[in-house]
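Q: Have a look at this one before I ask anything.
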Amino acid sequence: MNEVIKYESVIHEFDPYFNYRVTQFLTKSGIYEFWNWFDDRTWYPLGRVIGGTVYPGLTLTAGTIWWLLNSLNIPLSVETVCVFTAPIFSAFASWATYLLTKEVKGTGAGLTAAVLLAMVPSYISRSVAGSYDNEAVAIFALIFTFYLYIKTLNTGSLFYATLNSIAYFYMVCSWGGYTFIINLIPMHVLLCIVTGRYSSRLYIAYAPLVVLGTLLASLVPVVGFNAVMTSEHFASFLVFIIIHVVALVYYIKGVLSAKMFKVAVTLILTLGAIVCCAVVAVLIALVASSPTKGWSGRSLSLLDPTYASKYIPIIASVSEHQPPTWPSYFMDLNVLAFLVPAGIIACFSPLSDASSFVILYIVTSVYFSGVMVRLMLVLAPAACIMSGIALSDAFEVLTRSIKFQLPGSSVNSQVDAGERSSENVVPQNDMAKTDKTEETLKERPLRKNRKKEREHVAGEKPSIRSKIEKRLLVLPLEASILSIFLLVLLGAFYVVHCVWAAAEAYSAPSIVLTSHSHDGLHVFDDFREAYAWLSHNTDVDDKVASWWDYGYQTTAMANRTVIVDNNTWNNTHIATVGTAMSSPEKAAWEIFNSLDVKYVLVVFGGLVGYPSDDINKFLWMVRIGGGVFPHIKEPDYLRDGQYRIDSQATPTMLNCLMYKLSYYRFVETDGKGFDRVRRTEIGKKHFKLTHFDEVFTTHHWMVRIYKLKPPKNRIRGKTKKSKSKSSGTTTKRRGLRKKNPWN
């Protein structure tokens, strides 16, 4: 909530503005209009079918909350509901983490993991107020689906298996990361089968999920038949066949004799291998025509981290798709990065189906987070679970050590008595053998009393033995107290870091920027200033061209048609805009004019030191444009392999449209043209624009808007001299000929 207190109730980043706009349409027009909505204000002139290209989980969730609140006469605006959806579901995610960890290691570990997740910076980055993105509800759906899977695995209940399929369906509706679930669970099932841990509970936990979950997933329009036609889902089907073969083998083993069982197993394995080969052949035939063999570009980027940079630069250009640095792990996880190995070790004592699942979860999430920094969000719950298990076991050992060594402890005296009684067992047996005559003279107890006595002694022996075994884990009193103090201190550092990260690093909205200097706090509200100017000073049907990062915000806040936006579904369209930005002014004007563009928007941070401007993104425009239009070559914009904008920059760089629109009149600000982001003086300072007019520049020069000049009118009867000279000889030969007055 710090974002709302420090700034205002505003939506963050770029993608959330599209989600907010879609939610507004849903609440105004209804669910049926939402499914059939064709948005003509995006991707001009192509447009976009919103209902069939968006994951509807977040929108439907926020729309349902808004409808319920208004039904209860609580008149909240759609924007307010969207702003606070993420914090609400972060509480649900902590609750789901408690349930999942409780199923693995008990209540203490569950409470610890829930507390850690409530503060972990990696999850705070997507759960602060205003972060209205798909991950706001998807992380809860991810953890809750895992919990229901483990619950079904522990209980063998078909009821929980059905709930698991429904939770998976909600996850499919919410985020494309659902493929992580449908691959992780089959991996765990296969691991259990290979290690000899197959049981009927495992079958109940997995089979309904594949059948019912896949049927439900295919109902989501954006997924559709991809649930059975893409390579991301094939692993679940292959494991589905394997588990049925294994289940059939176990069933026959209990019915047939040993000799017949060997024959039957041979037959079943042969048939199972034939079926698996047939299924694999069918799947290969389905994806053989695809150049990526049925894998999506993002999936291939996860499997091969170099794939996107080689073949799909539009994916590699996104900052969230870059691999993280080592400091980012400490920034997003803090002390959890050091507690995770201890949690993995604790899961092996003892190893169960549930603990093996969370081990597999943490291993895979660590790998994927190392490929994309965005997937640190998937790693955060696993790290909290492992850290919660480690801290819970550590506190249990340390507190037990203190408890055993306190003077006058009842537990200590009981264990001592148990040890003495166990030591006296052998002498009592020897005395019983020597005094047989005396025993015959005594009255023998009844059989029932002797049976009860044996049960009572048998019940006491394990408890005494377990207490004695626990006594072996007792640490010295001073070491236990010091260790608890250090763990509490470690937790205090974690809390301080998380509070700082929530207040400073992840609460600042990207649309309103701030900076601190000796003069105090400075607020940069240039983005909303520019969008407000577009909204009030341009026609409703005007088209605005910009790099795709700002498409969602332009459509949502300025209500103007854009050429490209953050959906990035059409690489050729984005490459066209990148080519225009990389071309000379006249060629760029012709490209934009062919797209019916009236205004061009660029983001420039050279005056105030804003590093995420279009000049820093320009090389990605060149790479994406050059991937479709070969005449755009990246080396033409580099000087000896270096990207420069000073006097050593290449002529191609100094004459491209992006350079001119960013640095036009920039020398007038300080007389030198010093760029604070690149920390150098620009190379080309004094120039004029021939095909564009500057119509608006924000207060801090962060957003600049230009208007395309109209094409010049043709003069009637005017012909080029070259044409008249070349056609002179042919005219004399052919005699008198009337000329076209429009040429």
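The values are calculated or read from the model by the stated rules, or taken from the named source; none is laboratory data. All figures in this text were calculated on a predicted structure; none of them were measured in a lab. Because the Cβ atoms are built from the backbone with ideal geometry, glycine has one as well, and the counts that use them run over all protein chains shown. Note: areas computed on protein heavy atoms with side chains; ligands, DNA, RNA excluded. Shrake-Rupley method; radii C 1.70, N 1.55, O 1.52, S 1.80 Å.
Q: Would you kindly give the portion of the calculated P(r) for the stretch 1-88 that falls above 19 Å, as a percent of all Cα pairs?
A: In whole percent, the long-distance tail amounts to 43.
Q: When every alpha-carbon pair in the stretch 105-235 is counted, what percent end up more than 22 Å apart?
A: 43 percent
Q: Using only the alpha-carbon atoms, what does the stretch 43-132 span along each of its principal axes? Please give whole angstrom values in decreasing order.
A: Extents along the principal axes: 55, 37, 22 Å.
Q: How do the peptides 237-245, 94-102 rank, highest first, by the average count of neighbouring beta carbon atoms within 10 Å per residue?
A: Result, highest mean first: 94-102, 237-245.
Q: Please report, to two decimal places, log10 I(q)/I(0) for the stretch 200-331 at q = 0.09, 0.13, 0.15, 0.17 Å⁻¹ as given by the Debye formula with identical point scatterers on the Cα atoms and no solvent.
A: Summing over Cα pairs of the stretch 200-331 leads to -0.45, -0.78, -0.92, -1.03.
Q: Let me ask something additional. At R0 = 30 Å, how high is the FRET efficiency between Gln648 and Val695 if r is their beta carbon distance? Nearest 0.05 is fine.
A: For R0 = 30 Å, the calculated efficiency reads 0.40.
Q: Also, quick follow-up: Based on the alpha-carbon gyration tensor of the stretch 496-601, what equivalent-ellipsoid semi-axes (square roots of 5 times the eigenvalues) come out, in whole Å, largest first?
A: Rounded to whole Å, the semi-axes are 32, 17, 14.
Q: What does a probe at Asn36 reach in the stretch 156-182, counting residues whose amide N is under 17 Å from the point 7 Å along Cα→Cβ?
A: none
Q: Then there is this: State which entries of Lys28/Lys586; Lys684/Lys709; Lys28/Lys709; Lys672/Lys709; Lys310/Lys709; Lys633/Lys688 exceed 32 angstrom in Cα-Cα distance in the structure shown. If you can, show how the numbers build up before the last one.
A: Values: Lys28/Lys586 44 Å; Lys684/Lys709 23 Å; Lys28/Lys709 38 Å; Lys672/Lys709 29 Å; Lys310/Lys709 38 Å; Lys633/Lys688 25 Å.
Cα-Cα > 32 Å for Lys28/Lys586; Lys28/Lys709; Lys310/Lys709; rest within.
Q: Could you tally the net charge around Phe357, taking each other residue with its Cβ under 15 Å from the Cβ of Phe357, Lys/Arg +1 and Asp/Glu -1?
A: Here the count lands on +3.
Q: Which order do Val275, Val265 take when ranked by solvent-accessible area (1.4 Å probe, heavy atoms of all protein chains), largest first?
A: Val275, Val265
Q: Using the Cα atoms of the stretch 59-110 to build a convex hull, what is its mean projected area in square nanometres?
A: For the stretch 59-110, the mean projected area of the Cα convex hull comes to 4.5 nm².
Q: Heavy-atom accessible area per residue, the stretch 1-94, 1.4 Å probe: how many Å²? Present the calculation step by step, with values, prior to reporting the outcome.
A: Values: 4410 Å² over 94 residues.
Normalised by residue count, the accessible surface of the stretch 1-94 is 47 Å².
Q: Quick check: residue separation of Ala479 and Glu396 times 0.36 nm, minus the Cα distance between them. What number comes out in nm?
A: So the extension gain works out to 28.5 nm.
Q: Given a Förster distance of 45 angstrom, what is the FRET efficiency for Ile241 paired with Ile345, based on the Cβ-Cβ distance and rounded to 0.05?
A: Numbers: r = 35 Å, r/R0 = 0.77.
In this case the efficiency is close to 0.85.
Q: While we're looking at this one, here's another question. Largest first and in whole Å, what are the equivalent-ellipsoid semi-axes of the stretch 93-175 based on the Cα gyration tensor, each being the root of 5 times an eigenvalue?
A: 23, 18, 6
Q: Can I ask one more? What is the gain in length, in nm to one decimal, between Arg528 and Ala273 on full extension, counting 0.36 nm per residue of separation less the C-alpha to C-alpha distance?
A: Full-extension gain reported as 85.6 nm.
Q: log₁₀ I(q)/I(0) of the stretch 289-402 at q = 0.11, 0.18, 0.21 Å⁻¹, via Debye over equal Cα point scatterers, no solvent, to two decimals?
A: -0.46, -0.91, -1.07
Q: Still on this structure, please answer the following. Give the calculated FRET efficiency between Gln405 and Val496 to the nearest 0.05, with a Förster radius of 35 Å applied to their Cβ-Cβ distance.
A: After rounding to 0.05, the efficiency reads 0.60.
Q: Expressed as a whole number of Å, what is the distance separating the alpha-carbon centroids of the stretch 324-363 and the stretch 605-643?
A: Centre-to-centre (Cα) distance: 39 Å.
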